[in-house]
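What follows is one structure encoded as structure tokens, with my remarks underneath.
Values in this text are rule-based calculations from the coordinates and carry no lab data. What you see is a predicted model, and the numbers here were worked out from it, not measured in a lab. Reconstructed Cβ throughout: ideal geometry from the backbone, glycine too, with neighbour counts over all protein chains shown.
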Amino acid sequence: MGRKLWKKEQLVTAKYDKRCDDREVKLMEATMGFVAYFISLDASADTDLVKLTNVNAKVTQVSTAVAHLLYAYRLGNTQPLIDSISLIDEVTYPYMDAAAKAFLINELTI
């Protein structure tokens, strides 16, 4: 990503832009950390490709369930996303037990 040029009078906007960009990076890091979390739990004899496909499916399902909150998180309203993750239905998403939720919430906490 190229460096943005801001005018002196846009300093406040530039700082807000930086904060938003940092939150977007936090989201990406949390997503990759979540992938690694599920991979570490998978002790099956499946090939790495099958494991990664299964893990990606889980992370995609969670991401889709909370997608409507990602932009608010990026802009600075982080609590709704964290609350939504803690309320994920463990019957619908059995892999989202208390440990998985705690891991992801920790990854997303600023």
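Values computed for the structure shown
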| quantity | calculated |
| --- | --- |
| Neighbour net charge for residue 12 - beta-carbon separation under 12 angstrom, K R +1, D E -1 | +3 |
| Over the chain: helical MRE at 222 nm, DSSP H runs n ≥ 4 each giving -39500 (n - 2.57), nearest 500 | -22500 deg cm²/dmol |
| Zone residues, region 14-32, relative to residue 64, backbone N less than 14 Å from point 7 Å out along Cα-to-Cβ | none |
| Phi to ³J(HN,Hα) by Karplus 6.51 cos²θ - 1.76 cosθ + 1.60 over region 74-80, Hz, x for Gly, Pro | 4, 7, x, 8, 7, 5, x |
| Spatially proximal aspartates and glutamates relative to residue 26 (Cα-Cα < 15 Å; intrachain offsets below 8 disregarded) | 17, 107 |
| In degrees, nearest ten, helix 98-108 long axis to first principal axis of the chain (Cα) | 20 degrees |
| Hz values of 3J(HN,Hα) by residue in region 51-68 - Karplus curve (6.51, -1.76, 1.60), Gly and Pro given as x | 4, 5, 4, 5, 5, 4, 4, 5, 5, 5, 4, 5, 4, 5, 5, 10, 4, 5 |
